[in-house]
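Working notes for the structure below.
Every read-out reported here was derived from the displayed coordinates using simple, explicitly stated rules and does not represent laboratory data. All figures in this text were calculated on a predicted structure; none of them were measured in a lab. Virtual Cβ from ideal backbone geometry, glycine too; neighbours counted across all protein chains shown.
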Amino acid sequence: MSPMASSYRSNVAAILQREDGRIFVAERIDYRGSWQFPQGGVDKGEDLIAALYREVEEEIGVSRDRYEIVACRTGYRYKFPGGHLKKGLFCGQEQTYFLCRYLGAADEIDLAHHTREFSDYKWIKPEKFKLKWVPKFKRRVFYSVMRDFFNLRPK
């Protein structure tokens, strides 16, 4: 790759779902009103599953023994707006989403476990998810994720 070329950063996201069907969403601390699933980049030398386990533990303090992977889909991709390059290299992210059965209790969530990325969280029915909670450049991905995992077409 030439020094001027950019690529998509590999990224994983976890959709934690409780037995009652509700899914975990968290409000970003740096973008109030923006809700998402725990997610983050795959580090060099790390596989997708290891990245998933690390990101969920870092972001919400949930260890890998508190959830089980149920399904996985990949190929969700978005570009950062305005030609922004993350880390000077990446024009966007290519995400792999994991649907996970959450086995823990609600009070096991710890938003301050590592570097705090979220200000709040809630458990919602998937059909209550709103696209307006997501930055415009990510909405197509979230629409596809909700359609693919829950057969929903959020508005």
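Every residue in region 27-48 that is touching a residue at least 40 places away in the same chain (Cβ under 8 Å), in a loop (DSSP other than H, G, I, E, B) and hydrophobic (A, V, I, L, M, F, W, C), please.
I29, F37 - these are the residues of region 27-48 that are touching a residue at least 40 places away in the same chain (Cβ under 8 Å), in a loop (DSSP other than H, G, I, E, B) and hydrophobic (A, V, I, L, M, F, W, C).
Within region 133-155, restricting attention to residues that are among the basic types (K, R) and surrounded by 13 or more Cβ atoms within 10 Å (Cβ to Cβ), which residue is farthest from G33 (Cα to Cα)?
Restricting to residues being among the basic types (K, R) and surrounded by 13 or more Cβ atoms within 10 Å (Cβ to Cβ), the top hit is R140.
From the residues in region 24-52 that are aromatic (F, W, Y) and surrounded by 19 or more Cβ atoms within 10 Å (Cβ to Cβ), which one is nearest to K122 (Cα to Cα)?
In this case the residue turns out to be F24.
Go through region 110-131 and give me each residue that's out of contact with any Leu (no Cβ under 9 Å at 6 or more places or on another chain) and either in contact (Cβ under 8 Å) with a residue 12 or more places away in the chain or among the hydrophobic types (A, V, I, L, M, F, W, C) (or both).
D110, L111, A112, H113, H114, T115, R116, K122, I124, K125, K130, L131
Hey, any hits in region 90-108 for a residue that's in contact with a Cys (Cβ under 6 Å, 6 or more places away or on another chain), of a type outside the set (S, T, N, Q) and either part of a helix (DSSP H, G or I) or under 14 Å from F37 (Cβ atoms) (or both)?
Checked region 90-108: at least one residue is in contact with a Cys (Cβ under 6 Å, 6 or more places away or on another chain), of a type outside the set (S, T, N, Q) and either part of a helix (DSSP H, G or I) or under 14 Å from F37 (Cβ atoms) (or both).
Is region 81-91 home to any residue that is in contact with a helix residue (DSSP H, G or I) (Cβ under 8 Å, 6 or more places away or on another chain) and exposed (fewer than 15 other Cβ atoms within 10 Å of the Cβ)?
yes
On the given criteria, is Y78 of a type in the set (S, T, Y) and farther than 14 Å from L16 by Cα?
yes
State yes or no: is A51 assigned to a helix (DSSP H, G or I), among the hydrophobic types (A, V, I, L, M, F, W, C) and at negative phi?
For A51, the condition - assigned to a helix (DSSP H, G or I), among the hydrophobic types (A, V, I, L, M, F, W, C) and at negative phi - is met.
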